[in-house]
Amino acid sequence: MDHIALEKSVTAANYDPLPVVLREAKGVWAKDIEGRRYLDMMSAYSAVSLGHGHPRILKAMMEQASTLAVTSRAYHTEVLGPFLDRLVRVTGLDMALPMNTGAEAVETAIKAARRWGYRLKNIPNNRAEIIVAENNFHGRTTTIVGFSSDESYRDGFGPFAGGFKLVPFGDAQAVADAITENTCAVLIEPIQGEAGIVVPPDGYLRELRALCDRHNVLLILDEVQSGLGRTGRWFAHQHENIRPDGLILGKALGGGVYPVSAFVGTRDLMKVFDPGSHGSTFGGNALAARIGLEALAVIEEEQLVERSAEMGGYLMERLRSMRSNIVKEVRGRGLWIGVEVDTNVVSARAVCDALLADGVLSKDTHGTVLRFAPPLTITRDEIDWGMERIERVFARAIH
Ligand code: PMP
């Protein structure tokens, strides 16, 4: 049986992978089992922002794995403190709670917000509300899909926890209208990723910040995908010069080799946790902490944030100047770009398949938007290599 058939026969069909079997990857390049080479313009939804197999990450990982790896938080280690110290400095916040996946860090934020509301604002738990945006994506746990506006994420998985209020994304007035005395938090992606790289109007985050201040409500940002340089700033909210009360990070924090996530917040917010109130066997283990620490150091020392802004500007310009009648819009920030295609002519998935055949890894969202999010280490020459193929595929669609 071939690899795809074997995988399909024993794997729950909760994904629909592109028809390629990858064997190895280094930097921005991946290779399949037949030795064909691909430019990775997807980086595992931003988890591989540092590029595949970054030598510093691999070295730190091997060193740590052979010294002290998985410990649980039953004990202190030499690495957790330095990791979270660097994380709070880079985020401008005070304390962090380490987890593994993005969804777990979102769950952590939800628990923190509710307990904060209960303890500091006397909001009874059965009345507590968190305001979230339509078309949000924060992960796949039952609590999280419970407040998704995408019915396909929820279909047949109920009952769900209540306490969430959906408002349109990008509309600060809708948030103002939704806030009540029982509102603990506004939980939002500063740029919506899975929705198709949706950038809100300028000033949106600043308005949310002002509203949250006025009503003593927490502003919690999910930057699992947009954070750590992806948009050309360390964090997407820095495009509007605001500071959230809570920040959710994941993906790239694991250096492309390991799941590392964290919920980072102000001291007042993080103080709601006491021993036994939350945790995970693997969250904050020595290996994760060492990798997270090294990932932050690499982003800073290799100036990947600046590179993202510069190369993102170049990629955006190249994509916007493409001649094609299937492009409806090219949007995004930094090296995080969505190309919306005219689905009357072609589906985004068909474009992905054509790009794959031509040596470029990308991913479609909802059949309408093609996402380009290459490692932040990508060079101009590598973008040119990819653009030659992208232009060819898009030009072919001109009738
Ligand atoms: N939040 C956002 C904004 C995301 O994009 C994602 C994953 N695409 C998640 C949370 C969930 O992360 P994970 O898959 O690691 O649970």
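Derivation of every value follows stated rules applied to the coordinates shown; laboratory data play no part. Owing to the predicted nature of the structure, the values given are computational and were not obtained by experimental measurement. As a convention, Cβ positions derive from the backbone with ideal geometry for all residues, glycine included, and neighbour counts pool all protein chains shown.
The fewest-to-most ranking of 300, 34, 223, 207 by surrounding Cβ atoms within 10 Å reads 34, 300, 207, 223. Entry note: segment 36-195 has Rg to Rh equal to 1.02, where both radii use alpha-carbon atoms and Rh is the Kirkwood radius. Compactness of segment 285-359 is given as radius of gyration and Dmax, 17.3, 51 Å, from Cα positions. Taking a point 7 Å out from the Cα of residue 3 in the direction of its Cβ, the residues of segment 17-50 whose backbone N falls within less than 13 Å of it are 18-25, 30-38. The ellipsoid that matches the Cα gyration tensor of segment 202-270 has semi-axes, each √(5λ) in whole angstrom, of 23, 15, 7, with the longest given first.
Using 0.36 nm per residue and subtracting the Cα-Cα separation, the extra length available between residue 121 and residue 34 on full extension is 25.3 nm. Where both bridge residues fall in the chain, DSSP classifies roughly 65% of the beta bridges as antiparallel.
Determine the relative contact order of segment 181-239: mean sequence separation of Cα pairs under 8 Å and six or more apart, normalised by residue count, in whole percent.
On the way: 60 pairs, mean separation 22.8, N = 59.
Once normalised by length, the contact order is 39 percent.
Only the Cβ atoms of Lys and Arg (+1) and of Asp and Glu (-1) were treated as charged; on that basis the dipole of the chain about its Cα centre amounts to roughly 440 debye.
I need 318, 73 ordered by Cβ neighbour count within 10 Å, fewest first. Spell out each step's value before the answer.
Details: 318 19, 73 16.
Ordered by Cβ neighbours within 10 Å, fewest first: 73, 318.
Here the average projected area of the convex hull drawn through the C-alpha atoms of the chain stands at 20.2 nm². In the chain, Cα pairs under 8 Å separated by at least six residues give a relative contact order of 23 percent. Could you state the angle between the C-alpha long axis of helix 304-320 and the longest principal axis of the C-alpha atoms of the chain, as a value from 0 to 90 degrees rounded to the nearest 10? Once rounded, one gets 50 degrees.
Tilt of helix 286-301 relative to the longest C-alpha principal axis of the chain, in degrees (0 to 90, nearest 10)? Between helix and principal axis, roughly 70 degrees.
Taking other Cβ within 10 Å of each residue's Cβ, how do 356, 6, 370, 18 sort, fewest first? List each step's numbers first, then the result.
On the way: 356 18, 6 10, 370 29, 18 15.
Taking fewest neighbouring Cβ atoms as first place, the list is 6, 18, 356, 370.
Measuring between their Cα centroids, segment 330-376 and segment 39-89 lie 29 Å from each other.
Considering every Cα-Cα pair within segment 245-399, what fraction, in whole percent, is farther apart than 25 Å?
Values: 5344 of 11935 pairs.
That fraction is 45 percent.
Excluding same-chain neighbours fewer than eight residues apart, the lysines reachable from residue 59 by a Cα-Cα span under 28 Å are 26, 31, 251.
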